[in-house]
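A short worksheet on the structure shown next.
What follows is calculated from the coordinates using simple rules that are stated; it is not laboratory data. Worth saying up front: this structure is predicted, and the values here are computed from it rather than measured. No Cβ is skipped: glycine too gets one built from the backbone with ideal geometry, and neighbour counts run over all protein chains shown.
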């Protein structure tokens, strides 16, 4: 599934399991609507994020600054 909300709803409906952040489903866990399975499974922390620019189009200085800022902040983020 491509939507975290849909994945959560499917798990709530008993249709399977979903890989979600614990902080995002804490209320469901506390209420007993979801259970934590595969507690020893570790999610890979190396991810890639790309900024995609349309070819041949002007990219504003604001957009360039935003991409640079996000890149700089994400590169120092501890996962």
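List of remarks:
- At R0 = 30 Å, FRET efficiency that the Cβ-Cβ distance of residue 23 and residue 46 yields, to 0.05: 0.90
- Radius ratio Rg over Rh of the chain, counting only Cα atoms, Kirkwood formula for Rh: 1.13
- Percent RCO, i.e. relative contact order, over the chain, from Cα pairs under 8 Å lying at least 6 residues apart: 15 percent
- Spin-label model, residue 9/residue 67: points 7 Å from Cα along the beta carbon direction are separated by 3.4 nm.
- Computed over the chain, the per-residue total of -39500 (n - 2.57) for DSSP H runs of n ≥ 4 gives a 222 nm mean residue ellipticity of -13000 deg cm²/dmol, rounded to 500.
- The alpha-carbon atoms of the range 35-79 define a convex hull whose volume equals 127 cubic angstrom per residue.
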